[in-house]
Amino acid sequence: MQFPITRMRRLRGNSNIRDIVREVKLNKEDLIYPIFFKEGLEGREEISTMPNEYRYSLDEGVKFAKELESKGLKSIIVFGVPDESKKDEIGSPAFDENGIVQKAIRKLKEETDLVVISDVCLCQYTSHGHCGIINDGTEVLNDISLEYLAKTALSHAEAGVDIVAPSDMMDGRVGVIREVLDDYDFQDVLIMSYSVKYASAFYAPFRDAACSSPSKGNRKSYQMDPGNYSEAIRECELDIMEGTDFLMVKPALTYLDIIKTIKNNFNLPLVGYNVSGEYSMMMSAIATGYLTEDAIFESLLSIKRAGADLIITNFAPLILNEL
Ligand code: PBG
Ligand code: ZN
């Protein structure tokens, strides 16, 4: 049927009609909030590259998490910022049972019902800022790194985490983490692999926030090349074979095609990571008046429409009340 019998505008006639025919909606439970806990801090401190975002002390961060929980947040992903003086070649503070993340996990599990997820990586904890162990130069050594990543994941499980989220992009990490978790009777701890993680310029504000920039070199030998597409499918296939429970695409907004492809190819819950650069870009456009806050909802909706079931986003505190 064509015009004039068919009139598309009938389905847009008023807001109730629009509400009942809308196919994709954002829900509170879709959001995962990334929070930074900083060792030795009192209160909170502003993150200069991310407007409205803070690094938190243990007490202050858990207080904020409770506030978000009371607004309907279901899950949180924890990042640690250790004392600069404790960083070393192998990232020891990452697997210290009294490390900042381990403490934050324990306190969040004691004081909230949130699903607690932990980022598993070494870059915030190594003196060189790479996500794995390096040789004399800047080459990141895959197989040795796996041992330290597995130790880190185990220490998070021992602290009571619900889900570990390895973000390092070493080959084989999901397998070694699943194995060590199972060996130590943590078969119910889930793995949310950063399966498809591109070497992206959109992580810059985060690296500033987490003090995790590589001091030499870059991450292109382990994170994916932005020109690649089929490789995303291979990464997911391997992570599934190794036992991941979730898949992830990161960044989200510049990789919506990849989100859609992964959704069409696999049946696991899929996470889109709305990264720090996407957040800060939008926030600065809103601050100047070039955009309104509606742009936030539209961009998050695009991530869901592309196929993500969950979205990790710094916007959670700003938008929870409006969902
Ligand atoms: C650590 C890690 C990064 C992000 C999450 N975990 C940075 C990186 O890989 O350099 C980025 C998050 C963001 O930009 O919001 N491996
Ligand atoms: Zn890292």
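What follows is calculated from the coordinates using simple rules that are stated; it is not laboratory data. Only a predicted model underlies this, so the values are computations on that prediction, with no experimental measurement involved. All Cβ positions, even for glycine, are placed from backbone atoms using ideal geometry, and neighbour counts span all protein chains on display.
Structure values in brief
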{"quantity": "Local electrostatic count, I259, Cβ distance below 11 Å [Lys/Arg +1, Asp/Glu -1]", "calculated": "+3"}
{"quantity": "Long-range tail of P(r) for the chain (Cα pairs > 37 Å, %)", "calculated": "15"}
{"quantity": "Nearest-ten-degree value, helix 256-265 long axis tilted from longest Cα axis of the chain", "calculated": "90"}
{"quantity": "Two-site label geometry, K63 and D88: point separation in nm, points 7 Å out along Cα→Cβ", "calculated": "3.4"}
{"quantity": "Share, in percent, of DSSP beta bridges within the stretch 28-141 that are antiparallel, nearest 5", "calculated": "25"}
{"quantity": "Top positive-direction residue, dipole computed over the chain with Cβ charges, set L310, L256, G132", "calculated": "L256"}
{"quantity": "Value of relative contact order over the stretch 78-174, rounded to a whole percent, pairs C-alpha under 8 Å and six or more apart", "calculated": "33"}
{"quantity": "Cα→Cβ-extended label distance, 7 Å offset, between D188 and N265, nm", "calculated": "3.4"}
{"quantity": "Ordering of 54-60, 67-73 by packing [mean C-beta count within 10 Å, highest first]", "calculated": "54-60, 67-73"}
{"quantity": "Stretchable slack from R22 to S213, in nm (0.36 nm times residue separation minus alpha-carbon distance)", "calculated": "64.6 nm"}
{"quantity": "Of K25/K260; K197/K220; K87/K220, pairs whose Cα-Cα distance is over 20 Å", "calculated": "K87/K220"}
{"quantity": "Cα gyration tensor shape for the stretch 96-163, rounded if a/c is under 1.5, else prolate or oblate", "calculated": "prolate"}
{"quantity": "Calculated from backbone phi, Karplus (6.51, -1.76, 1.60) coupling profile of the stretch 307-323 in Hz, x at Gly/Pro", "calculated": "x, 6, 8, 10, 10, 7, 8, 6, 7, 3, x, 6, 10, 3, 5, 9, 9"}
{"quantity": "Point-charge dipole on Cβ atoms (K/R +1, D/E -1) for the chain, about Cα centre, debye to 20", "calculated": "1740"}
{"quantity": "Built amide H within the under 5 Å cut-off of L141, gap 5+", "calculated": "I133, I134, N135"}
{"quantity": "Distance histogram in 10 Å bins (all Cα pairs of the stretch 1-143, percent per bin)", "calculated": "10, 29, 24, 14, 10, 8, 4, 0"}
{"quantity": "About the Cα centre, charge dipole magnitude for the stretch 179-323 (Lys/Arg +1, Asp/Glu -1 at Cβ), debye", "calculated": "680"}
{"quantity": "Computed FRET value (nearest 0.05) for A201 with Y229, which takes r as the C-beta separation and R₀ as 22 Å", "calculated": "0.75"}
{"quantity": "Highest-MSF residue in the chain out of A209, A295, A252 [GNM, Cα springs under 10 Å]", "calculated": "A295"}
{"quantity": "Cut-off 9 Å between beta-carbons: net charge of the residues surrounding L270, Lys and Arg +1, Asp and Glu -1", "calculated": "0"}
{"quantity": "Charge-dipole axis of the stretch 197-298 as Lys and Arg at +1 and Asp and Glu at -1 on Cβ define it, positive-most pick from S200, S212, G227", "calculated": "S212"}
{"quantity": "Cα-based Rg / Dmax (Å) for the stretch 145-258", "calculated": "14.5, 40"}
{"quantity": "Contact order relative to length of the stretch 240-323, as percent, for alpha carbon pairs under 8 angstrom and 6 or more apart", "calculated": "35"}
{"quantity": "The chain, relative contact order in percent, only Cα pairs under 8 angstrom and at least six apart counted", "calculated": "18"}
{"quantity": "Helix 276-288 axis, angle to the chain major axis (alpha carbon atoms, nearest 10°)", "calculated": "50"}
{"quantity": "Dipole axis of the chain (+1 Lys, Arg; -1 Asp, Glu on Cβ), positive-most option in L181, A157, T49", "calculated": "T49"}
{"quantity": "Summed residue charge, Cβ within 11 Å of F246's Cβ, Lys/Arg positive, Asp/Glu negative", "calculated": "-3"}
{"quantity": "Helix 173-183 axis, angle to the chain major axis (alpha carbon atoms, nearest 10°)", "calculated": "70"}
